[in-house]
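K.L.:
First the structure, which I've put down as structure tokens, then a few questions once you've had a look.
The values are calculated or read from the model by the stated rules, or taken from the named source; none is laboratory data. It should be emphasised that the depicted structure is a prediction, and the values quoted were computed from it without experimental measurement. Quick reminder, even Gly has a Cβ in these numbers, built from the backbone with ideal geometry, and neighbours come from all protein chains shown.
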């Protein structure tokens with residue numbers, strides 16, 4: 001709790017051109033929030049899903065195998081085998097204002113996504129070290 005998951009979703013939504021007026025919030029009680037941009041974004045929270053029947057009623061297959069991006073909190077509550085390929089992102093507190101994200105790929109598609117992300121981060125670091133390319137504004141999630 002409070003590790004920055006919803007803040008991360010806001011960043012993904014922004015990158016997928018979900019409008020700035022969209023209220024990106026945790027789906028703790030709604031279970032699934034949908035946002036529309038270049039691709040649909042499905043923010044799913046499985047923390048309160050207790051039984052296999054509850055899970056079936058959510059019809060997650062519709063979200064997991066759509067053309068959108070499914071971002072799932074409490075992924076370990078998903079029944080085994082429901083998703084064979086995915087990207088697991090672990091959030092850790094470093095300090096009050098900083099988090100460490102660890103990306104683990106399950107499947108070749110996600111291996112490639114991590115490689116692409118690693119390349120982009122390295123390019124950004126090089127630009128910053130050479131005196132340019134920093135962020136225009138600091139992003140904060142409150």
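K.L.:
Given (1) modelled with pLDDT of 90 or more; (2) assigned to a loop (DSSP other than H, G, I, E, B), where does residue 112 come up short, assuming only one miss?
P.N.:
Exception for residue 112: condition (2).
K.L.:
From the list 4, 37, 15, exactly one residue is modelled with pLDDT of 85 or more, under 22 Å from residue 90 (Cα atoms) and under 16 Å from the mean Cα position of the chain (by Cα). Which is it?
P.N.:
When all the criteria are applied, what remains is 15.
Let's see how each residue does on (1) in contact (Cβ under 8 Å) with a residue 60 or more places away in the chain; (2) assigned to a loop (DSSP other than H, G, I, E, B); (3) closer than 15 Å to residue 10 by Cβ:
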position	(1), (2), (3)
25	no, yes, yes
33	no, no, yes
38	no, yes, no
42	no, no, yes
50	no, yes, no
56	no, no, no
67	no, yes, no
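K.L.:
Mind checking whether some residue in segment 76-87 is at pLDDT below 90, within 20 Å of residue 8 (Cβ to Cβ) and not in a loop (DSSP other than H, G, I, E, B)? Give the steps one after another, and end with the answer.
P.N.:
Within segment 76-87, the subset at pLDDT below 90 is 76-84.
Next, from what is left, pick out any that are within 20 Å of residue 8 (Cβ to Cβ): 76-78, 83.
Filter again for not in a loop (DSSP other than H, G, I, E, B), leaving 76-77.
Checking segment 76-87: at least one residue is at pLDDT below 90, within 20 Å of residue 8 (Cβ to Cβ) and not in a loop (DSSP other than H, G, I, E, B).
K.L.:
Applying the selection to segment 84-102, what residues are surrounded by 12 or more Cβ atoms within 10 Å (Cβ to Cβ) and within 23 Å of residue 29 (Cα to Cα)?
P.N.:
Scanning segment 84-102 gives 88, 89, 91.
K.L.:
Just checking, how many residues over segment 3-23 are touching a residue at least 24 places away in the same chain (Cβ under 8 Å), over 12 Å from residue 69 (Cα atoms) and in contact with a strand residue (DSSP E or B) (Cβ under 9 Å, 6 or more places away or on another chain)?
P.N.:
Total satisfying the criteria: 6.
K.L.:
Being touching a helix residue (DSSP H, G or I) at 6+ places or on another chain (Cβ under 7 Å) and either closer than 13 Å to residue 37 by Cα or buried (at least 16 other Cβ atoms within 10 Å of the Cβ) (or both) is the filter here; which residues of segment 1-25 pass it?
P.N.:
22, 24
K.L.:
Among the candidates 101, 71, single out the residue that is within 19 Å of residue 36 (Cα to Cα) and either assigned to a strand (DSSP E or B) or touching a helix residue (DSSP H, G or I) at 6+ places or on another chain (Cβ under 9 Å) (or both).
P.N.:
Numbers: 101 fails: within 19 Å of residue 36 (Cα to Cα).
After applying the criteria, what remains is 71.
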